[in-house]
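Everything below concerns the one structure shown next.
The values are calculated or read from the model by the stated rules, or taken from the named source; none is laboratory data. Computed from a predicted structure; not experimentally measured. Every residue, glycine among them, receives a Cβ derived from its backbone with ideal geometry; neighbour counts consider all protein chains shown. To get the accessible areas, we keep the full protein, side chains included, count just its heavy atoms, and leave off ligands, DNA and RNA. Shrake-Rupley method; radii C 1.70, N 1.55, O 1.52, S 1.80 Å.
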Amino acid sequence: MHREIKSIDELNALFRQPTTHAMVAVGDLSQADLALFQPTDFGMYCVVLMDENFGELVKGGKVMRYQAGTAFSLRPGQVVSMNLDYRTKPRGRMLAFRPELLEKCGLGRDFYMFSFFNSDVFEALELSGTERGVLLNCFANIQTELHTPADYLSTHMLRLGIGHLLSYCKRFFERQFREQRSSGTGLSSRLDEMIDNYLSSGMPAQYGQPSVAWCAGQFNFSANYFGELVKRELHITAQEYILGKIVAAAQALLRETQMSVGEIAEELGFAYANHFTRMFRKRTGISPLAYRRLQAASQPPGKI
């Protein structure tokens with residue numbers, strides 16, 4: 001069971017502060033009622049800066065890696081909670097804004113840019129000291145506007161401030177994952193090794209073909225974020241990439257073994273041989289048996 005926050009007033013009550021705008025709030029985690037950290041769907045878009053490691057963070061039912069000086073985002077419908085370490089006082093900032101704030105405005109038109117809200121990355125955004133200072137500045141600017149006497153520009157100024165903060169978050173997310181990719185083996189090499197090992201392990205016959213969700217889990221990413229990363233880096237969908245690896249494994253088995261088509265289909269995780277044959281024909285233009293005959297015909301005399 002979890003609680004649903006239905007208004008900015010409800011959220012501000014948890015931060016023990018007055019409401020100054022019906023669609024936007026900035027809260028100080030150190031001042032919050034501990035009920036804030038129970039399983040909650042805030043029903044809003046949120047950016048949270050964690051200035052202390054004060055317990056286990058659970059987002060969308062999965063533990064999220066974070067440390068002091070990191071940030072993460074939430075979207076309406078996501079449930080988040082903290083298994084608090086009562087020896088450490090919560091410290092940080094939280095921006096929350098209602099989805100209605102995005103209606104009929106520039107921030108709403110540009111909101112597609114901030115795909116990190118939909119990515120479900122289970123690893124917080126690590127910030128350098130300078131980047132943390134930039135985000136704190138953005139939080140402070142929004143908070144200042146919230147405490148400025150309201151006029152006809154108030155909502156416009158808040159949208160500008162939120163857009164500024166989200167743009168920096170996007171920049172920092174992109175920087176973090178560029179560094180992760182350049183510091184280790186390339187995405188393509190890691191995927192190749194991971195899928196090849198799975199396909200040759202005998203596991204597909206028991207557990208089925210490798211799925212996008214399974215691959216994403218090996219990287220500790222959500223399926224959505226993993227798919228977006230593969231598309232951006234490799235210019236192909238994650239599903240197409242996986243199918244390409246399955247076809248390559250099938251071709252090797254057809255060339256190098258005497259296994260029947262049915263046995264190969266089972267080996268690669270297909271429930272029915274005709275499903276395998278249909279997929280193979282669609283990807284290569286010929287049936288598995290035709291592929292095997294062509295390969296046999298192309299071998300030098302005397303070579304099996």
Show the residue pairs meeting these rules: Cβ distance below 8 Å; 6+ apart or different chains; first residue within region 201-226 and touching a residue at least 40 places away in the same chain (Cβ under 8 Å) and over 18 Å from SER189 (Cβ atoms); second residue hydroxyl-bearing (Ser, Thr, Tyr) and open to solvent by less than 50 Å² (accessible area, probe 1.4 Å).
PRO204/TYR198; SER222/SER119; ASN224/SER119; TYR225/SER119
Can you list residue pairs whose Cβ atoms sit under 6 Å apart, with the first residue in region 165-176 being closer than 18 Å to ASN137 by Cβ and the second being open to solvent by 30 Å² or more (accessible area, probe 1.4 Å) and not basic (Lys, Arg)? Count only pairs 6 or more apart in sequence or on different chains.
TYR168/VAL134
For a quick check of your reading: which strands (runs of 3 or more DSSP E) sit entirely within region 1-62 and have at least 2 residues that are modelled with pLDDT of 95 or more and closer than 17 Å to ARG98 by Cα?
24-28, 45-50
Report, by residue number, each residue of region 1-41 that is open to solvent by 60 Å² or more (accessible area, probe 1.4 Å), of a type in the set (D, E, K, R) and either on the phi > 0 side of the Ramachandran plot or in contact (Cβ under 8 Å) with a residue 60 or more places away in the chain (or both).
ARG16
Residue hits (region 42-85; over 21 Å from GLU10 (Cα atoms), β-branched (Val, Ile, Thr) and open to solvent by less than 10 Å² (accessible area, probe 1.4 Å)) are THR70
Out of everything in region 251-266 that is touching a residue at least 24 places away in the same chain (Cβ under 8 Å) and open to solvent by 60 Å² or more (accessible area, probe 1.4 Å), what residue ends up being farthest from SER200 (Cα to Cα)?
ARG255
Consider TYR225 against the criteria (1) touching a helix residue (DSSP H, G or I) at 6+ places or on another chain (Cβ under 6 Å); (2) farther than 30 Å from MET113 by Cα: it satisfies all of them except one. Which criterion is unmet?
(2)
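Results for (1) surrounded by 15 or more Cβ atoms within 10 Å (Cβ to Cβ); (2) more than 30 Å from LYS170 (Cα to Cα); (3) aliphatic (A, V, I, L, M); (4) at pLDDT 90 or above, shown as yes or no for each residue.
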| residue | (1), (2), (3), (4) |
| --- | --- |
| PHE219 | yes, no, no, no |
| ILE242 | yes, no, yes, yes |
| ALA290 | no, yes, yes, yes |
| ARG293 | no, yes, no, yes |
| GLN299 | no, yes, no, no |
